[in-house]
Amino acid sequence: MNLISRTWRSSLGRKYVMALTGVALVMFVLGHLAGNLQVLGTPDLINGYAHFLKSKPALLWGARLGLLACVGLHIAAAVSLHLENKAARPQAYARTAANGATTASRTMLVSGLIILAFVVYHLAHFTALLPGINGVGDFSKLTTVWHGEQVADVYAMMILGFQVWWVVLFYLVAVGLLFMHLGHGVSAMFQSLGFRNHLWWPRLTWLARVASIAIFAGYALIPLSIYLRMVGADYAARARQQLAREMAAPAAPLAALPQPRQ
Ligand code: HEM
């Protein structure tokens, strides 16, 4: 307990907390991207993956609680370090762009808080499935048959969800901010963990840049390719009709729609 409170009281300790929780969050962002990219394959692929995750509640809830703890600690450390810096320097610098600070580094707190607001919307959109906020209808009615079992049709939910222009725009803005946040955050994380030396620093800043570009490209590809009807357009049209029928009169589940050929 003593070690925990001593770590939290020192600003160096809080920087470590930010860096280590940052590592965990980047791992989640990478894993989540790999999972979501399966939407570019057949419907069975992502529906099977989502069903697998939901069929392991202990694993799912363990990961969710761990993620929530990381997000909470990451934000608490960031806000308290920010307030401490402000208190130590009550008068702002006359030139805010001084010392070679980039826009990304000066707006870390703001970009982080907007990403948090996006995640809250995103959870309501795709996890809690609140019907009023997706511009389509009740996603919880979208089910399909996967290996003889009735499961949630996550594929239909994603392709219908990303045919709505303002949803796509919101996601693109959020992943753009995530790109800015990670571009600076990943190199700051390496610095806090003590890797700032002549040998490693140029390599690590390069790695941070490449990783944030890859994450941006991967996350932007999903809503864009769906919105441009390059993915799942036929399936979406049938799912939309099925949803309309379902809303009018609850009927049989969205039976296994024919899988599009890849
Ligand atoms: C194109 C971008 C994205 C897509 C298509 C996407 C898709 C999804 C889907 C389908 C789910 C629900 C999974 C389910 O319950 O079956 C989900 C959950 C989630 N997403 Fe995303 N996501 C995207 C971007 C992001 C980003 C950028 C973040 C974080 C910065 C994020 C964080 C989360 C979290 C925390 C959950 C909750 C996981 C859980 O249910 O435990 N997502 N996402």
TODO: Would you be able to tell me the number of residues in segment 114-130 that are surrounded by 14 or more Cβ atoms within 10 Å (Cβ to Cβ), in a helix (DSSP H, G or I) and more than 9 Å from the ligand (Cβ to nearest atom)?
DONE: 3
Open item on the list: Between a residue in segment 217-244 that is closer than 19 Å to PRO131 by Cα and any residue that is of a type in the set (Lys, Arg) and within 16 Å of the ligand (Cβ to nearest atom), which pairs come within a Cβ distance under 9 Å, given they are 6 or more apart or on different chains?
Closed with: GLN242/LYS141; LEU243/LYS141
Open item on the list: List the residue pairs whose Cβ atoms are under 8 Å apart, where the first residue sits in segment 186-210 and is farther than 13 Å from VAL23 by Cβ and of a type in the set (Phe, Trp, Tyr), the second is surrounded by 14 or more Cβ atoms within 10 Å (Cβ to Cβ) and at pLDDT below 85, and the two are 6 or more positions apart or on different chains.
Closed with: TRP201/PHE195
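One line per residue, one yes/no per condition, for (1) aliphatic (A, V, I, L, M); (2) more than 17 Å from the chain's Cα centre (by Cα); (3) within 14 Å of the ligand (Cβ to nearest atom); (4) assigned to a helix (DSSP H, G or I):
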site	(1), (2), (3), (4)
TYR171	no, no, yes, yes
PHE179	no, no, yes, yes
GLY183	no, no, no, yes
ALA188	yes, yes, no, yes
GLN191	no, yes, no, yes
ARG196	no, yes, no, no
TRP206	no, yes, no, yes
VAL210	yes, yes, no, yes
TODO: Could you list all residues from segment 1-47 that are within 30 Å of ASP234 (Cα to Cα) and not in a helix (DSSP H, G or I)?
DONE: GLY41, THR42
TODO: Test VAL167 against the criterion of being outside any helix (DSSP H, G or I), of a type in the set (Val, Ile, Thr), within 12 Å of the ligand (Cβ to nearest atom) and closer than 24 Å to GLY41 by Cα, and give yes or no.
DONE: no
Task: Subset of segment 21-43 [of a type in the set (A, V, I, L, M), buried (at least 16 other Cβ atoms within 10 Å of the Cβ) and without any contact (Cβ under 8 Å) to a residue 40 or more places away in the chain] - done: none
Task: segment 39-65: number of residues that are near the ligand (Cβ under 10 Å from one of its atoms) and within 16 Å of ILE222 (Cβ to Cβ) - done: 5
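The values are calculated or read from the model by the stated rules, or taken from the named source; none is laboratory data. All values derive from a computational prediction rather than experimental measurement. Using ideal geometry, Cβ is built from the backbone for each residue, glycine included, and neighbour counts are taken over all protein chains shown.
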